[in-house]
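Undergrad: Would you mind keeping the following structure in view while I ask a few things?
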Amino acid sequence: VFISVSSLLNMSVFKDHFDLEDLIQELKKNITALSFGHLQSNGHISVEGPFPAIQLLKDFLLLKAKSLSEKDKREENKSHQRPKRRVQQQRLSVETSNSIPDADGGKQVVVLDTDVYHYMKHFFFRKLLANYDVVISDFIDGEITTVYLGNARSRSGAEQVLRVKEEIENQSVKLHNSLRKERICFEGHMGDEKQKYKQACQTVKSHYPAVLVIPYDTHIDIIGNSSSIFEFTREVRR
């Protein structure tokens, strides 16, 4: 089992398209599970973190390189060069899967802690999306979830997608600092006891509207602020 993995990245391939320092800062913000070293003059930088986060970083950069390659081909066909765009403007938009309509090029990606994502999906996304013509899809990989944002219809502008991304990022920072998780494991418990715990969670849930309960075959995850989930778990285990 890989608890932590170290890697050396060569970011020089992006230097003609982005300010590398800005690109690194954006990666730090989006993939918080990783620890980045000092960016060297040759574009190399060391990265350390859990294996799923390293995999996500690799896939993320490959998508970015692919999108730049396709962009260069389009520019060659037009026989002119477009000015370089800094990472703050592009905000690491990537070519994503066909699950997001490519109405007018407005695509964005956000990387979240999976627990934060589940909580936001349950309590935040429906209200947020009611105000925008934007669709969301996700890819859950262990502790990290990649959220893809795109235009729901052709009339929806890319600025709406960017606005939704910014709201998700702002909300996720607040939740990341406040949310905690308790887990009730079923290991060693019989079927009747498992059902008793699930029913108890449903009963107690009505008293804690801001707590998210996620039942699995092997355990139950309880997500919320520290005081709420402490009281919630104590009542369930009575």
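FYI, it's all coordinate maths here, none of it is from the lab. Since the structure is predicted, the reported quantities are computational estimates derived from the model, not experimental observations. All Cβ positions, even for glycine, are placed from backbone atoms using ideal geometry, and neighbour counts span all protein chains on display.
Undergrad: Subtracting the Cα-Cα distance from 0.36 nm times the residue separation, let me have the gained length for Gln195 to Thr218 in nm, one decimal. Please list the in-between numbers first.
TA: Working: separation 23, 0.36 × 23 = 8.28 nm, distance 1.16 nm.
Taking 0.36 nm per residue and subtracting the Cα distance, the gain is 7.1 nm.
Undergrad: Continuing with this model, one more query. Where does each of Leu63, Leu149 land when they are ranked from fewest to most other beta-carbon atoms within 10 angstrom?
TA: Going from least to most buried by this count: Leu63, Leu149.
Undergrad: By counting other Cβ atoms within 10 Å of each Cβ, how are Leu129, Leu175 ranked from fewest to most? Write out the running numbers ahead of the final one.
TA: On the way: Leu129 15, Leu175 20.
By the 10 Å Cβ count, ascending, the order reads Leu129, Leu175.
Undergrad: Here's something else I'd like to know. Using the C-alpha atoms of segment 179-236, what convex hull volume per residue, in cubic angstrom, is computed? Could the numbers behind the result be given before it?
TA: Working: hull volume 3.8 nm³, N = 58.
Expressed per residue, the convex hull around the Cα atoms of segment 179-236 is 66 Å³.
Undergrad: Can you work out the FRET efficiency for the pair Glu21 and Asn170, with r the C-beta to C-beta distance and R0 = 30 Å, to the nearest 0.05? Write down the numbers at each step before the final one.
TA: Values: r = 23 Å, r/R0 = 0.75.
For R0 = 30 Å, the calculated efficiency reads 0.85.
Undergrad: I've got another one for you. Give, in nm to one decimal, the length gained when the segment between Ala210 and Glu159 is fully stretched (0.36 nm per residue of separation minus the Cα-Cα distance).
TA: Values: separation 51, 0.36 × 51 = 18.36 nm, distance 3.07 nm.
Contour length minus Cα-Cα distance gives 15.3 nm.
Undergrad: I'd like the distance separating the alpha-carbon centroids of segment 126-148 and segment 5-43, in whole Å.
TA: About 25 Å separates the Cα centre of segment 126-148 from the one of segment 5-43.
Undergrad: Please get the size of the charge dipole for segment 179-236, origin at its Cα centre, with Cβ charges of +1 on Lys and Arg and -1 on Asp and Glu, quoted in debye to the nearest 20. Can you show the working numbers first?
TA: Working: 8 positive and 8 negative charges, 30 e Å.
In debye, rounded to 20, segment 179-236 gives about 140.
Undergrad: Follow-up question, since we're still on this one. Per residue of segment 19-30, what does 6.51 cos²θ - 1.76 cosθ + 1.60 with θ = phi - 60° give for ³J(HN,Hα)? Whole Hz please, x for Gly and Pro, Karplus curve as stated.
TA: Using θ = phi - 60°, the values come out as 6, 4, 4, 5, 5, 5, 4, 5, 5, 4, 5, 7 Hz.
Undergrad: For each pair in Lys181/Lys205; Lys28/Lys64; Lys107/Lys174; Lys28/Lys121; Lys174/Lys205, compute the distance between the two Cα atoms and list the pairs where it is over 18 Å. Let's see the in-between values first.
TA: Numbers: Lys181/Lys205 15 Å; Lys28/Lys64 16 Å; Lys107/Lys174 24 Å; Lys28/Lys121 23 Å; Lys174/Lys205 23 Å.
Violating the 18 Å limit, Cα to Cα: Lys107/Lys174; Lys28/Lys121; Lys174/Lys205.
Undergrad: Enumerate the amide H contacts of Asp138 below 5 Å, restricted to partners 5 or more residues apart or on another chain; note that Pro and chain-start residues carry no placed amide H.
TA: Counting only residues 5 or more places away or on other chains, the set is Tyr148.
Undergrad: What length, rounded to one decimal in nm, is gained on full extension from Ser41 through to Ser227, with 0.36 nm per residue of separation minus their alpha-carbon distance? Don't skip to the end; give the middle numbers.
TA: Numbers: separation 186, 0.36 × 186 = 66.96 nm, distance 4.72 nm.
In short, 62.2 nm is gained.
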